[in-house]
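Only the coordinates and a few stated rules stand behind these numbers; no lab work does. It should be emphasised that the depicted structure is a prediction, and the values quoted were computed from it without experimental measurement. Virtual Cβ from ideal backbone geometry, glycine too; neighbours counted across all protein chains shown.
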Amino acid sequence: MTAEQIKVMRELLDGLQKIDRNLDMVLKVQAAWRSELNALSNALQNGFEERLQTPVKALDILSEHRRDHRPGKPSKIDSDPELRAFILDRIDMTTLEDLADQIAATFPPDRRVAKSALHRWWRQRQTTE
């Protein structure tokens, strides 16, 4: 064998050793991921059922706090229970324009809402439910 051939063989051997080290590292990472996936799967199977059966009180308290301290002014419909009940009772049976007219005929001027306010409130209500 010539010196050139020996040099090429050594380079090939070095390359194969690097590939072997990288393959070992990939297999170790794969084993770690498999272990993590099994742990997550077990946690989901065991812990998820328990959480479904227990009420989430802390989140309810946080939601209530956020609702009470939301920036901006609450809508007139949300802050007037009688107006809100009036709207909810009729909104599925009439158009927004007719509903705005019924509100104008029933409520005093400071409690009336326009068609655009009804539409905005209705859209927001549909996205939150």
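By a straight-distance test (C-alpha under 18 Å), which lysines pair with K115 as possible cross-link partners, with residues fewer than eight away in the same chain excluded?
The qualifying lysines are K76.
Could you sort the peptides 77-84, 91-98, 38-45 by per-residue average Cβ neighbour count (10 Å cutoff), highest mean leading?
The peptides rank, most packed first, as 77-84, 91-98, 38-45.
Please work out how much length the chain gains when fully extended from D20 to D110, using 0.36 nm per residue of separation minus the C-alpha to C-alpha distance, in nm with one decimal.
24.5 nm
Over the chain, what is the relative contact order in percent, taking alpha-carbon pairs closer than 8 angstrom and at least six residues apart?
Computed over the chain, the figure is 14 percent.
Residue farthest toward the positive end of the dipole of the chain, with Cβ of Lys/Arg at +1 and Asp/Glu at -1: which of L88, A100, G72?
G72
Leaving out same-chain residues fewer than 8 places away, which lysines sit with a Cα under 25 Å from that of K7?
Partners found: K18.
What size of dipole, in debye to the nearest 20, comes out for the chain about its Cα centre when the only charges are +1 on Lys and Arg C-beta atoms and -1 on Asp and Glu C-beta atoms?
Working: 21 positive and 21 negative charges, 74 e Å.
Taking the Cα centre of the chain as origin, the dipole is about 360 debye.
Could you run the Debye sum over the Cα atoms of the chain, one equal point scatterer each and no solvent, and tell me log10 of I(q)/I(0) at q = 0.18, 0.22 Å⁻¹, two decimals?
Debye intensities relative to I(0), on a log10 scale: -1.03, -1.23.
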